[in-house]
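The values are calculated or read from the model by the stated rules, or taken from the named source; none is laboratory data. Predicted model only: the values in this text are computed from it and were never measured. Here Cβ is always computed from backbone atoms with ideal geometry, including for glycine, and neighbour counts include all displayed protein chains.
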Amino acid sequence: MIEIKNLQKRFDLGKGQLLHAVDGVDLSIEENSIVGLVGESGSGKSTLGKVLVGLHQKSGGDIYYSGERLPDRYCSADYRRLGKDIQMIFQDPYASLNPRMTIEEILVEPLKLQKWGNESSRREKAAAWLERVNLQTSHLGRYPHEFSGGQRQRIGIARALITEPKFVVCDEPISALDVSVQAQVINLLGELQETMGLTLLFIAHDLSMVRYISDVMVVMYLGAVVEKGPADQVFFNPQHPYTQALTKSNPLADPKQERHRQHDMIEGEVPSPVNLPPGCRFAGRCDRAVDRCRKESPALKLVAENQWAACHLVDEYSL
């Protein structure tokens, strides 16, 4: 359904400085699948999602939706035409809802833009979608501030799906929620994906949550994909040193094991993506890096069945 080829998004900061938010990403997303996109803050995950839906103009590369090349820069007609099939669930469920609009107005607005039905049928569909995300139709007259974070995120999900799109970018939809509510939202998304035949790009920090909901896991670091493959395979048998460090950073249930694993954590924070130096992006934080890692940028290569990693230290898979 989605084919991404050498996608780039750069921000010009002036004085000769370029921020490489997304740098040469190649990715295919199959129809009716869930692709989980993981990485630390600043890795370019959200920027990639916003480029896919046209909120950011891409700097280079191509994006294809069902064989159609998407425009480099969206105009109003593009948003209206593609908005029916491509939608986005935003990270902050409060900032993404207009505080001056009632829930009915928020849910009906996408239907008005698509010129779907009349006023009565649009209200009926909005009420039906509130029930579908486990809220009450009596909530239609309320405002966003009258709901909890989990309820607001359900409203955001209903707004994104009310036009019955085919592809949805979920931009960290659970990061602002309590742990108890996260599971509810994840299960709701899984149920809607199955019943509606949706294709999802699920962006998150939590590898275990991504592994739970996703068919494919993609790991990004400093704007580039460093590993991708079946979710269980990447989670339990990571090949790239960065992915290995991410899996080890997941909290452990045993307090003793948790105390003794601190040496496995990644040292330092994600470097600045401004004017990236040559070589592997992870070389400065990798304790196994060699001279080649600091000089040559590694390409993605097959390292296990259906699993790819961009690392000089990993041998290619032998069929």
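Here are a few things to note about the model shown:
- Within the stretch 208-233, the set of residues being in contact with a strand residue (DSSP E or B) (Cβ under 7 Å, 6 or more places away or on another chain), hydrophobic (A, V, I, L, M, F, W, C), surrounded by fewer than 24 Cβ atoms within 10 Å (Cβ to Cβ) and at pLDDT below 95 comprises just one member, 213.
- Counting only residues that are in contact with a strand residue (DSSP E or B) (Cβ under 9 Å, 6 or more places away or on another chain) and within 19 Å of residue 129 (Cβ to Cβ), the stretch 170-185 holds 2 of them.
- Meets criteria (buried (at least 17 other Cβ atoms within 10 Å of the Cβ), modelled with pLDDT of 90 or more and under 15 Å from residue 84 (Cα atoms)) for residue 159: yes
- Pairs meeting the criteria (first residue in the stretch 209-221 and under 11 Å from residue 190 (Cα atoms), second residue among the β-branched types (Val, Ile, Thr), beta carbons under 8 Å, at least 6 apart or on different chains) are 212/186; 213/34; 213/186; 214/34; 214/35.
- Residue within the stretch 190-202 that is surrounded by fewer than 24 Cβ atoms within 10 Å (Cβ to Cβ), in contact with a strand residue (DSSP E or B) (Cβ under 8 Å, 6 or more places away or on another chain) and part of a loop (DSSP other than H, G, I, E, B) present: yes
Yes/no per residue for (1) assigned to a loop (DSSP other than H, G, I, E, B); (2) closer than 21 Å to residue 27 by Cα; (3) at pLDDT 90 or above:
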{"residue": "235", "(1), (2), (3)": "no, yes, yes"}
{"residue": "263", "(1), (2), (3)": "no, no, no"}
{"residue": "269", "(1), (2), (3)": "yes, no, no"}
{"residue": "287", "(1), (2), (3)": "yes, no, no"}
{"residue": "299", "(1), (2), (3)": "yes, yes, yes"}
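- Scanning the stretch 86-137 for residues that are part of a loop (DSSP other than H, G, I, E, B) and among the charged types (D, E, K, R), we see that the one that is farthest from residue 191 (Cα to Cα) is 100.
- Scanning the stretch 127-156 for residues that are surrounded by 17 or more Cβ atoms within 10 Å (Cβ to Cβ) and in contact with a Lys or Arg (Cβ under 9 Å, 6 or more places away or on another chain) yields 129, 130, 133, 135, 140, 144, 147.
- Meeting the requirement of 2 or more residues that are surrounded by 14 or more Cβ atoms within 10 Å (Cβ to Cβ) and among the hydrophobic types (A, V, I, L, M, F, W, C), the strands (runs of 3 or more DSSP E) wholly within the stretch 1-79 are 2-14, 17-29, 34-38.
- Taken together, the residues in the stretch 163-193 that are among the aliphatic types (A, V, I, L, M) and modelled with pLDDT of 95 or more amount to 2.
- Against the list (1) more than 19 Å from the chain's Cα centre (by Cα); (2) loosely packed, with under 15 Cβ neighbours inside 10 Å, the condition residue 109 fails is (2).
- Test: residue 210 is assigned to a helix (DSSP H, G or I), out of contact with any Phe, Trp or Tyr (no Cβ under 7 Å at 6 or more places or on another chain) and β-branched (Val, Ile, Thr): no
- Some residue of the stretch 172-189 being in contact with a helix residue (DSSP H, G or I) (Cβ under 6 Å, 6 or more places away or on another chain), over 19 Å from residue 36 (Cβ atoms) and charged (D, E, K, R): no
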